[in-house]
Amino acid sequence: MLSLDVKIPGKEYKIHIGNKLFNEADVLLKPFVENKKVCIISDTNVFPLYGEGMENAVKKAGGDVFSLVVTAGEEAKSFKNLEYLCREIISRNFTRSDVIIALGGGVVGDLTAFCASVVLRGVTLIQCPTTLLSQVDSSVGGKTAVNIPEGKNLVGTFYQPKMVLIDTDTLTTLPPREVACGMAEVIKYGAIRDKQLAEALLKGEFKAEEVIKTCCSIKASIVENDELDKGERMLLNFGHTLGHAVENYTGYGTYSHGAAVAIGMCTITAWSERMGYTEKGTYDTIKALCEKYSLPTHIDNLENMTGAAMHDKKRSGSRISIVLVKKMGESYYEKVDVSLLSEIAKG
């Protein structure tokens, strides 16, 4: 098992990474769940695979456990489900000292974390991510959200977990589309902060525990400096501004989040390289990485989709933050006029 610390002052927590980690979860859970009520929140894809085992681990650790299961899919991140979860939890005589566990991918993690942040004005949260995307990215850093018709993740909070448990064995049950979705975020970390990671990925050197730890370490170091996304943390949005536009315009589910981000990363790098902001060859490297891990690199008419960015959280007035890669492993962000996005989207 590999472990690392997230050192946000007053909100410190550990990330544990290993295979068969859920089988040993009772030992790690015990300090948090012993003599507590514990609610496991999962979805209809994940709970049949890992729900019973997690319930048994909580019981073995001394917790009084029950589970709530939502229908799998992006649609689960809704106010309707948030209300359902909050009311069910309150009806079980929960107290602020009790515990909520998120068992699932990014959708479950975001929804559960939002619930934990608002029910009783905040209860203990433990993240147990089961997809590659949630393991390398969304389970760490404390962003929570639900979606509204105007866009994805537009309503949420910042709320840090007390612990993150990453069992790499869960990756064996993922369909190829979900693995590719997570690889987009892994590629992102190589592009913005770790050239060696990118080079290893190009060679096909993918050791799950080490790659996940590398990505979590990068994210932890950034979040420690900028928990509330006011500066450096914006680097984590490389490819996301255009990616969210793709998701919004095409309907969530047409492209996975990772596929949309891959299109965003390639498109903005093609533009920034053409403009002289990015070292020559960087676009080819990012494109090759995306193609190697079965991710799209282009979508027609992306410039017609950028109106969705008017609802982007990174927009301030008529300006929006975009992330550019200077060269592999080095990145920065700039504020530009929203109107420039349609030009950027042409690549």
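Quick notes on this one:
- Annotation for the range 81-120: trypsin sites (Lys or Arg not before Pro) lying in DSSP loop with at most 10 further Cβ atoms inside 10 Å of their Cβ are Arg96.
- Cα-based shape type of the range 2-173, given that a ≥ b ≥ c are square roots of the gyration tensor eigenvalues and the cut on a/c is 1.5: rounded
- Candidates Gly142, Gly105, Gly264, ranked by Gaussian network fluctuation over the chain, Cα under 10 Å, top entry: Gly142
- Tensor-based shape of the range 189-299 (alpha-carbon gyration tensor, a/c under 1.5 rounded, otherwise prolate or oblate): rounded
- Cα centroid of the range 1-78 to Cα centroid of the range 152-187, whole Å: 14 Å
- Ordered by the number of other Cβ atoms lying within 10 Å of each residue's own Cβ, fewest first, Lys30, Lys20 fall into the sequence Lys20, Lys30.
- Shown here for the range 196-261: GluC sites (Glu not before Pro) in loop regions (DSSP other than H, G, I, E, B) with at most 16 other Cβ atoms within 10 Å, namely Glu205.
- Structural descriptor for the chain: relative contact order 15 percent, calculated from alpha carbon pairs under 8 angstrom and at least 6 residues apart.
- The range 257-295 and the range 104-151: distance between their alpha carbon centers, rounded to Å: 28 Å
- In the chain, helices alone account for a calculated mean residue ellipticity at 222 nm of -11500 deg cm²/dmol, with every DSSP H run of four or more residues adding -39,500 (n - 2.57).
Rule-based calculations on the coordinates, nothing more; no lab input. This one's a predicted model, so the numbers in the text were calculated from it and none came from an experiment. With ideal geometry, Cβ positions are generated from the backbone for all residues, glycine too; neighbour counts draw on all protein chains shown.
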